[in-house]
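First the structure, then my questions, so here it is.
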There are 2 protein chains.
Amino acid sequence: MTEPSPPQSSPRQPQSRRDRYRTETRDEAKRIALDQLATGGQAALSLNAIARELGMTGPALYRYFAGRDELLTALIVDAYDDLGTTLTRAVADAAPDGPDEQIRALGRTMRAWALAQPHRYLLLFGTPFSGYHAPDAALEAAQASIGSVMEAMVDIESRRGRPVAPPSLFEQQLERAPWIPEELHGAIPGAVLADVLLTWTRLHGLIGLEVNGQFATMGFDPALLLERELDDIVGPG
Amino acid sequence: MTEPSPPQSSPRQPQSRRDRYRTETRDEAKRIALDQLATGGQAALSLNAIARELGMTGPALYRYFAGRDELLTALIVDAYDDLGTTLTRAVADAAPDGPDEQIRALGRTMRAWALAQPHRYLLLFGTPFSGYHAPDAALEAAQASIGSVMEAMVDIESRRGRPVAPPSLFEQQLERAPWIPEELHGAIPGAVLADVLLTWTRLHGLIGLEVNGQFATMGFDPALLLERELDDIVGPG
DNA sequence: TCGCTTCCGTTAGAGCCTCTAACTTCAGAG
DNA sequence: CTCTGAAGTTAGAGGCTCTAACGGAAGCGA
């Protein structure tokens, strides 16, 4: 499960012969780039080397990517898309088992995705680079991808029992946050939103540290730590 | 609070005139390196540029550092040391206020440390690089630094009330983990260790995402999210 | 079918980087 | 006071990103 999906560019409308060839080599370049990232880390990512592997000279690749940063951005966008659809699918598939199991599915799937391709996880949640990260394209992809996951989580959390209480200041802040659709302001309890955010951060804490090898010498099974965290998330709240 | 401590090399035993000058320029180089990291990200770290700023030619710096990686390792070791002492001090200072407040102090101090110098936090917990990260020196520093924090946390958690129950398999695994001193195997309840680990991962999840700017457009105050997480950590357990 | 345009690839090269080799120079140990 | 070794120098190999200028070929309209 959770095997990497091949890179593919989104717009598939009017593809002339030329266009098709173009996106083909773009995808091929991205595939090689991911290989480089996987084996050598981000320092090993080199347009020159990719071109060589594609059988062309270095500068030729600049017909396909404006530069290193744009290639990187493309990889980031792809990764966000892939992670987003993977997670929302996993959550949807677990729907019959109820909200608790959906949360567990989310956590397990996310961990599996990250461990299967740590370089991609780090691309999204590791050290930002490319000068200053976050061109608009990446930001949009992030919002779309994570947004849909958040939406699913809000849905799940809403279906779990929860004592009602007057919202704290922080919760009020959340209820009218800009990433919540205007018309839902106030409709989703801040407590639900807070739980969603904390679930998200907790999962990243666990997975991030594991991906970075911080558990390597600690002699326990990170999967079990995740299970325990999931118990806690699902349990009392 | 939590302002960066200047880099300083550890051994202060027999410093001849020459040696002193040597460690001085080493420290100076590290200071400049941190500046570069802070402003340009890890791609901007350049021995050549450091040398220029020091008023010497590029190759001269190789008398002080075997290469880029060694400089990087030195920075990592320093950062581990600094973080470790900062956190243990904060926890110790809060001792009079009881275990709960100590946990809160830990979380707040860690966040402050990370936000005050994100590049250093990312050096430790962001994407590993330098070919393959983790030379022995860095590993040792990590163990020492994080180990002392863990120790403090174990101490805190042990002083908090907690229902006793037969340890799960995972907890048994933890009780005899290699990073626990031999003679304490079995003495520290696995449940305590699990809580310590989860506190650690939760804090990193929150702080890591914030440092990477993932909360930037979400319109809430991350400090309040941390407070809520701390409530949860301290609260029911 | 012809010709024009646009894209794709090339070489050349500037400017940055890391790192090695071989030299000078100078300070401090003996 | 000598002489060894550390700290600096220049030269240069080989890598990278990216720009400029040019040749060929594929697709397009007429």
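The values are calculated or read from the model by the stated rules, or taken from the named source; none is laboratory data. The model shown is predicted, which means the values in this text are computed figures rather than measured ones. Backbone-built Cβ (ideal geometry, glycine too); neighbour counts: all protein chains shown. Note: areas computed on protein heavy atoms with side chains; ligands, DNA, RNA excluded. Shrake-Rupley method; radii C 1.70, N 1.55, O 1.52, S 1.80 Å.
Every residue, every condition in (1) among the aromatic types (Phe, Trp, Tyr); (2) at pLDDT 95 or above; (3) over 27 Å from A:Ala38 (Cβ atoms), yes or no:
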{"site": "A:Ser148", "(1), (2), (3)": "no, no, no"}
{"site": "A:Trp179", "(1), (2), (3)": "yes, no, yes"}
{"site": "A:Asp195", "(1), (2), (3)": "no, yes, yes"}
{"site": "A:Leu206", "(1), (2), (3)": "no, yes, no"}
{"site": "A:Asn212", "(1), (2), (3)": "no, no, no"}
{"site": "A:Val234", "(1), (2), (3)": "no, no, yes"}
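Sort out which residues of region B:19-42 are of a type in the set (Ser, Thr, Tyr) and within 12 Å of DNA strand D (Cβ to nearest atom), and write them in order of number.
Scanning region B:19-42 gives B:Tyr21, B:Thr23, B:Thr25.
A further question follows. So B:Met110 passes all but one of these: (1) open to solvent by 20 Å² or more (accessible area, probe 1.4 Å); (2) touching a residue at least 40 places away in the same chain (Cβ under 8 Å); (3) within 14 Å of chain A (Cβ to nearest Cβ). Which condition number does it fail?
(1)
Still on this model: Which of (1) closer than 20 Å to B:Gly98 by Cβ; (2) within 20 Å of the chain's Cα centre (by Cα); (3) in contact (Cβ under 8 Å) with a residue 60 or more places away in the chain does B:Asp195 not meet, given it meets every other one?
Here B:Asp195 meets the rest and fails (3).
Considering region A:63-73 alone, what residues qualify as being near DNA strand C (Cβ under 8 Å from one of its atoms) and within 28 Å of the chain's Cα centre (by Cα)?
A:Tyr64
For every residue, the table says whether it meets (1) open to solvent by 10 Å² or more (accessible area, probe 1.4 Å); (2) away from DNA strand C (no atom under 16 Å from the Cβ).
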| position | (1), (2) |
| --- | --- |
| A:Ala44 | yes, no |
| A:Arg52 | yes, no |
| A:Leu75 | no, yes |
| A:Leu83 | no, yes |
| A:Leu87 | no, yes |
| A:Ala90 | yes, yes |
| A:Ala95 | yes, yes |
| A:Ile103 | no, yes |
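In region A:28-41, how many are more than 15 Å from DNA strand C (Cβ to nearest atom) and in contact with a helix residue (DSSP H, G or I) (Cβ under 8 Å, 6 or more places away or on another chain)?
The initial filter retains those residues of region A:28-41 that are more than 15 Å from DNA strand C (Cβ to nearest atom), namely A:31, A:33-39.
Okay, now just the ones that are also in contact with a helix residue (DSSP H, G or I) (Cβ under 8 Å, 6 or more places away or on another chain), so A:33-34, A:36-38.
Counting residues in region A:28-41 that are more than 15 Å from DNA strand C (Cβ to nearest atom) and in contact with a helix residue (DSSP H, G or I) (Cβ under 8 Å, 6 or more places away or on another chain) gives 5.
Moving on to the next point. From the list A:Ala165, A:Ala187, A:Ala216, A:Ala152, which residue is at pLDDT below 95 and within 19 Å of the chain's Cα centre (by Cα)?
That would be A:Ala152, the only listed residue that is at pLDDT below 95 and within 19 Å of the chain's Cα centre (by Cα).
On the given criteria, is B:Gly58 exposed (fewer than 15 other Cβ atoms within 10 Å of the Cβ) and either farther than 23 Å from B:Leu203 by Cβ or within 15 Å of DNA strand C (Cβ to nearest atom) (or both)? Spell out the reasoning first.
Details: exposed (fewer than 15 other Cβ atoms within 10 Å of the Cβ): yes; either farther than 23 Å from B:Leu203 by Cβ or within 15 Å of DNA strand C (Cβ to nearest atom) (or both): yes.
So B:Gly58 passes the test.
So which residues in region B:12-42 are without any contact (Cβ under 8 Å) to a residue 12 or more places away in the chain and part of a helix (DSSP H, G or I), if there are any at all?
Selection gives B:Arg17, B:Arg18, B:Asp19, B:Arg20, B:Tyr21, B:Glu24, B:Asp35, B:Thr39, B:Gly40.
Considering only residues of region B:43-84 that are in contact (Cβ under 8 Å) with a residue 24 or more places away in the chain, of a type in the set (Asp, Glu) and away from every other protein chain (no Cβ under 14 Å), which is nearest to DNA strand D (Cβ to nearest atom)?
B:Asp78
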